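Student: Take a look at this one; I'll ask things after.
The values are calculated or read from the model by the stated rules, or taken from the named source; none is laboratory data. None of the values given here were measured: they were computed from a predicted structure. Note that we place each Cβ from the backbone using ideal geometry, even for glycine, and neighbour counts take in every protein chain shown. Heavy atoms of the whole protein, side chains included, go into the accessibility calculation; ligands, DNA and RNA do not. Shrake-Rupley method; radii C 1.70, N 1.55, O 1.52, S 1.80 Å.
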Amino acid sequence: MKDFDSLIPGWFKTLITEGTDLIWSQYLIGLLLTAGLFFSISSKFVQIRWIPEMFRALTEKPETLDSGEKGISPFQAFAISAGSRVGTGNIAGVATAIVLGGPGAVFWMWIIAIIGAASAFVEATLAQVYKVPDKEGGFRGGPAYYITKGLNQKWLGIVFAILITITFAFVFNTVQSNTIAESLQTQYNIDPVYTGIVLALLTAVIIFGGVRSIATLSSYIVPIMAIVYIVMVLFILVTHIDQIVPMILTIIKSAFGIDQAAGGALGFAVLQGVKRGLFSNEAGMGSAPNAAATAAVTHPVKQGLIQSLGVFFDTLLVCTATAIMILLYSGLEFGEGAAQGVKVTQSALNEHLGSAGGIFLSIAITLFAFSSVVGNYYYGQSNIEFLSQNKIVLFIFRCFVVVLVFVGAVVKTQTVWNTADLFMGLMAIVNLVAIIGLSNVAFAVAKDYQRQRKEGKRPIFRPEELEINLFGIECWGDAQKRLKQYDKF
């Protein structure tokens with residue numbers, strides 16, 4: 001791994017490190033928190049009030065497309081985004097946050113998830129409002145589309161499309177393959193080169209199958225992984241029931257700098273919690289809206305609610321489960337010199353469950369991370385199609401994805417994480433500015449949904465009935481036709 005990493009120019013490593021420190025200053029964290037609070041207060045905490053509605057929306061049947069086929073269901077769109085969310089951020093990322101920021105980092109991950117769920121609601125709703133038909137008969141959309149159509153700033157839409165393509169399809173996928181390779185090397189001493197080759201081949205097979213194969217794969221893998229993972233943690237909790245309350249108190253004390261002995265100064269706990277929390281749940285980053293736009297629903301708010309649920313699912317369940325295992329580990333050490341990433345989680349599982357724990361995690365991290373590779377690829381594809389419809393461009397893009405999955409497996413962990421942090425921060429800045437500018441649209445659409453629900457109606461989105469005028473709408477023109485199609489179910 002060192003030989004491959006030495007091929008990366010020193011100036012690039014310096015640029016990535018210094019750029020990350022600049023982007024992840026208190027200003028970006030302030031922007032994330034301010035935007036989340038603004039959306040929460042303005043919507044009267046929609047992410048809390050409408051939790052029952054989230055589960056109802058998740059079971060909605062997909063709308064029938066103009067081709068006569070059923071579109072991607074809300075659940076499948078949720079699974080695509082969960083496929084990207086539930087990955088190394090929940091396993092390796094949480095471990096790194098705790099080691100560097102102390103137990104208090106977990107608390108700040110909770111905070112960024114709770115207020116970030118409002119940002120997720122807004123960005124996913126906007127993605128549905130401004131989605132466009134795709135060549136496969138379904139839909140595509142995301143920040144690049146609502147920036148161009150809603151804000152009428154095509155140049156900024158192009159900037160975002162380039163950023164998300166690089167961030168997810170290239171950079172984040174190197175993080176996923178790196179974590180898989182590190183896990184398999186730690187547990188089975190498998191050479192990362194061999195892991196990289198296998199992952200690259202599997203990725204090539206999947207991504208040339210189209211978005212529907214991505215939806216099908218994620219909708220099967222993600223729920224199974226999550227259920228097994230959470231059941232395993234519940235077992236660990238039961239066997240350590242007397243330590244749970246003290247551990248929670250340690251998290252809270254450390255979050256406010258009360259218990260410095262636990263490792264991690266206050267500012268560093270906040271930084272690590274927010275960074276790893278954003279990497280894990282992606283609320284406000286602008287990634288999940290690309291999956292949200294693919295769903296065939298009768299009202300944009302339905303998918304906004306589902307994406308908010310996805311943030312809770314990711315952080316409050318999966319990330320917390322990982323944190324509990326790690327904090328109960330007797331050999332846990334803090335600081336930059338301590339072990340980080342998936343190695344920490346594997347050591348914790350080996351202590352709690354014996355050798356079977358490490359074996360399970362090797363399998364789990366492979367499935368989690370590979371589902372993330374698939375979800376990340378779709379985000380890139382959606383934005384490549386925004387930039388160009390040329391099939392040759394798409395083919396070259398796919399080849400680059402396959403190559404970088406291999407590269408990620410054989411370079412150093414710190415290199416890929418620093419690169420991911422830099423591009424993640426740039427994406428978040430552009431998207432947060434955009435959704436703040438379009439928040440009046442999201443709130444008007446939410447108000448329309450609430451009105452119809454109070455009247456006992458099945459919410460159907462008719463742009464002409466809103467209190468504001470919308471421009472750039474492509475998929476919501478014939479409301480009566482869509483109502484008739486939906487009533488067939």
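Student: For region 331-489, what % of the accessible area comes from carbon and sulfur atoms, probe 1.4 Å?
Tutor: 58 percent
Student: In region 157-202, what percent of the accessible surface is made up of carbon and sulfur (1.4 Å probe, ligands and nucleic acids excluded)?
Tutor: 73 percent
Student: Find the accessible area per residue for region 117-207; the probe is 1.4 Å, ligands and nucleic acids are left out, and the unit is Å².
Tutor: Normalised by residue count, the accessible surface of region 117-207 is 31 Å².
Student: Right, something else. Suppose the chain between residue 387 and residue 453 were pulled fully straight at 0.36 nm per residue; how much longer would it get relative to their current alpha carbon spacing?
Tutor: 20.0 nm
Student: For region 292-305, just list the computed ³J(HN,Hα) in residue order, Karplus coefficients 6.51, -1.76 and 1.60, θ = phi - 60°, integers in Hz, with x standing in for Gly and Pro.
Tutor: Working through the residues one at a time gives 4, 5, 7, 6, 9, 10, 8, 8, x, 4, 4, 6, x, 5 Hz.
Student: Cα-Cα over 30 Å: which of 131/454; 275/457; 154/302?
Tutor: Flagged as over cut-off: 275/457.
Student: Please list 158-168, 43-53 highest first by mean number of surrounding beta-carbon atoms within 10 Å per residue.
Tutor: My ranking of the peptides, most packed first, is 158-168, 43-53.
Student: Compute the accessible area per residue over region 276-393, keeping the other protein chains in place, probe 1.4 Å, unit Å².
Tutor: 24 Å²
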